[in-house]
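Novice: Dropping the structure in here first, questions after.
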Amino acid sequence: TIFNFIKDENFKKRKLNSRQVKWLLENIEITLLKVIRDNDISYDDSSLAGLSEDSTLENYEQIALELCEKNKQPENDNQLIVRIQAYIDENYGDPSLCLSRISDLFHISKSYFSFLFKKTVGVNFSTYLEQVRMTQAKHLLETTDIKIADLYVAVGYNNLTSFRRAFKKKYGVAPNALRE
C-alpha cells in the first residue's frame with residue numbers, strides 16, 4: 001500500500017525528474033537499512049544485493065515485503081482466529097458485523113480471513129456468526145421475557161422476517177413456538 005502511494009504521488013501526480021527520483025530512492029534505501037539495523041534483522045547478502053545504486057522502486061518494494069515477513073509478530077493463525085471468535089462472541093449484536101469489518105479491524109485481507117476462518121473453525125464466517133446469533137436468541141427466549149420484536153435487534157438482525165427465517169431453519173420452529 002505504501003509503495004503504491006509512493007508511485008501514485010511521485011510518478012503520476014508530481015512526475016519527478018530523474019534527480020528527484022534518485023533522491024527518493026536513496027531515502028527509501030536509507031529507511032530500509034534503518035529498519036534492518038533497528039530491528040536487528042539478519043538479512044542474507046543475496047537479498048541485500050537489491051540495495052544498490054541501480055535499484056528500482058520495485059526492488060525496494062520487494063525488499064520491504066521481505067522485511068515485513070521477517071519482522072512479523074509470531075502470532076500464529078490459530079491465535080488470531082481465537083481472538084476474532086472472542087470479538088464476534090462479544091459483538092454479535094452489532095448488525096454491521098461482517099467479513100469486511102472484521103478483516104479491517106484485524107488487519108487481514110478478506111480473502112485470507114475467509115480462508116483461514118473456514119480452515120480453523122470448520123465453517124465459514126457468516127455461518128459461524130449466524131450460529132452465535134441463533135444460540136443467543138434461543139438462550140434469551142428460554143431465560144427472559146424479551147419480546148420477539150426486541151429480540152431480533154438484540155442479536156444483530158436488521159429485520160424480523162430474516163431473523164424468523166433463520167431461527168426456524170436452525171431450530172425447526174418459529175421463535176414464538178419455542179418460547180411456548
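The values are calculated or read from the model by the stated rules, or taken from the named source; none is laboratory data. Nothing here was measured: the structure is a model prediction, and the numbers come from that model. Neighbour counts are summed over all protein chains in view; Cβ atoms, including those assigned to glycine, are modelled from backbone coordinates with ideal geometry.
Novice: Does Arg164 satisfy the condition of being basic (Lys, Arg) and farther than 20 Å from Glu90 by Cα?
Specialist: yes
Novice: Oh, and also: Determine, yes or no, whether Ala166 is at pLDDT below 90 and either of a type in the set (Gly, Ala, Ser) or under 30 Å from Val21 (Cβ atoms) (or both).
Specialist: No.
Novice: May I pose another question? Give all pairs with beta carbons closer than 6 Å in which a residue from region 148-159 that is more than 15 Å from Thr135 (Cα to Cα) meets a residue that is surrounded by fewer than 20 Cβ atoms within 10 Å (Cβ to Cβ) and not polar (S, T, N, Q); count only pairs at least 6 apart in sequence or on separate chains.
Specialist: Taking only residues 6 or more apart or on different chains, the pairs are Asn158/Pro95.
Novice: Right, next: Just to verify a result, which residue in region 86-102, among those that are more than 24 Å from Pro175 (Cβ to Cβ) and under 12 Å from the mean Cα position of the chain (by Cα), is surrounded by the fewest Cβ atoms within 10 Å (Cβ to Cβ)?
Specialist: Top of the filtered list is Ser100.
Novice: Now a separate question. Within region 161-179, which residues are within 29 Å of Ser103 (Cβ to Cβ) and either hydroxyl-bearing (Ser, Thr, Tyr) or surrounded by fewer than 16 Cβ atoms within 10 Å (Cβ to Cβ) (or both)?
Specialist: Selection gives Thr161, Ser162, Arg165, Lys169, Lys170.
Novice: Going by the conditions given, is Leu105 surrounded by fewer than 16 Cβ atoms within 10 Å (Cβ to Cβ), of a type in the set (A, V, I, L, M) and either over 18 Å from Glu180 (Cα atoms) or free of Cβ contacts under 8 Å to residues at least 24 places away in the same chain (or both)?
Specialist: yes
Novice: Against the definition (aliphatic (A, V, I, L, M) and modelled with pLDDT under 80), how does Leu99 come out, yes or no?
Specialist: It is false that Leu99 is aliphatic (A, V, I, L, M) and modelled with pLDDT under 80.
Novice: Those residues that are closer than 20 Å to Gln79 by Cα and either surrounded by 14 or more Cβ atoms within 10 Å (Cβ to Cβ) or in contact with an Asp or Glu (Cβ under 8 Å, 6 or more places away or on another chain) (or both), I need them from region 125-160; list them, please.
Specialist: Phe125, Tyr128, Leu129, Val132
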